[in-house]
Amino acid sequence: MNVVDRYLEDYQVGEVRRTLGRQITEADVVLHAGQTGDFFPHHMDERWAIEAGLGGRIAHGTLIVSIAVGMTAGDVNPQAMSYGYDRIRFIKPVFIGDSITVKAEITEVSDHPRRPELGRVDERVTVTNQDGDTVLSLVHLYVVNKRS
């Protein structure tokens, strides 16, 4: 990873980053279940998932959020820090064996409402599967130091 100093003034609405694909594996799902304690049959029991009409085991939504955010984390920026996530939507299920790609677009650059030395950057994160279907959408919020 590179260390890149980007201040609020360096961000532009409309900037887009795109990732390469990543396949979701059974190991991903099993490890996430163990870490979170979410062993619901939707994720762990193939027969149950098929009989429930799901078409097979589906990955945890929180797993896909974690992987998608990790896929967009390329450079370390000491001038910015994650402030949280808004409007998280699990639009379509992600199945074991699906490949996902991520698009991250800057949608807003603004002053921080309470801290004049900081700004805020909103980034729309859209996750698609191998068929081009949107499976997840969220807004990643950052607080960013101002240059001055």
Residue check, MET1 touching a strand residue (DSSP E or B) at 6+ places or on another chain (Cβ under 6 Å) and either modelled with pLDDT under 95 or farther than 29 Å from ARG124 by Cβ (or both): yes
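Each row is one residue, and each column tells you yes or no for (1) exposed (fewer than 13 other Cβ atoms within 10 Å of the Cβ); (2) touching a residue at least 40 places away in the same chain (Cβ under 8 Å); (3) β-branched (Val, Ile, Thr).
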| site | (1), (2), (3) |
| --- | --- |
| VAL30 | no, no, yes |
| GLY55 | yes, yes, no |
| LEU63 | no, no, no |
| ARG87 | yes, yes, no |
| LYS92 | no, yes, no |
| LYS103 | no, yes, no |
Of the criteria (1) closer than 30 Å to TYR7 by Cβ; (2) in contact (Cβ under 8 Å) with a residue 12 or more places away in the chain; (3) of a type in the set (Lys, Arg); (4) surrounded by fewer than 17 Cβ atoms within 10 Å (Cβ to Cβ), which one ARG114 fails: (2)
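Per-residue answers, yes or no, for (1) free of Cβ contacts under 8 Å to residues at least 12 places away in the same chain; (2) surrounded by 14 or more Cβ atoms within 10 Å (Cβ to Cβ); (3) touching a strand residue (DSSP E or B) at 6+ places or on another chain (Cβ under 6 Å):
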{"site": "PHE40", "(1), (2), (3)": "yes, no, no"}
{"site": "ASP45", "(1), (2), (3)": "no, yes, no"}
{"site": "ALA52", "(1), (2), (3)": "yes, no, no"}
{"site": "ALA59", "(1), (2), (3)": "no, yes, no"}
{"site": "ALA68", "(1), (2), (3)": "no, yes, yes"}
{"site": "MET71", "(1), (2), (3)": "no, yes, yes"}
{"site": "GLY74", "(1), (2), (3)": "no, no, no"}
{"site": "ALA80", "(1), (2), (3)": "no, yes, yes"}
{"site": "GLY84", "(1), (2), (3)": "no, no, yes"}
Residue check, ALA68 out of contact with any helix residue (DSSP H, G or I) (no Cβ under 7 Å at 6 or more places or on another chain) and closer than 19 Å to GLN23 by Cβ: yes
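Could you tell me whether any residue of segment 51-60 is assigned to a strand (DSSP E or B) and modelled with pLDDT of 95 or more? Break it down stepwise before answering.
Within segment 51-60, the first condition is being assigned to a strand (DSSP E or B), and the residues that meet it are 58.
Filter once more, so that each one left must be modelled with pLDDT of 95 or more: 58.
Yes, there is a match, as at least one residue in segment 51-60 is assigned to a strand (DSSP E or B) and modelled with pLDDT of 95 or more.
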Qualifying residue in segment 122-138 (condition: surrounded by fewer than 19 Cβ atoms within 10 Å (Cβ to Cβ), under 22 Å from TYR7 (Cβ atoms) and not acidic (Asp, Glu)): yes
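The values are calculated or read from the model by the stated rules, or taken from the named source; none is laboratory data. Fair warning: this is a prediction, and the values are worked out from it, not measured in the lab. Glycine gets a Cβ as well: all are built from the backbone with ideal geometry, and neighbour counts include every protein chain shown.
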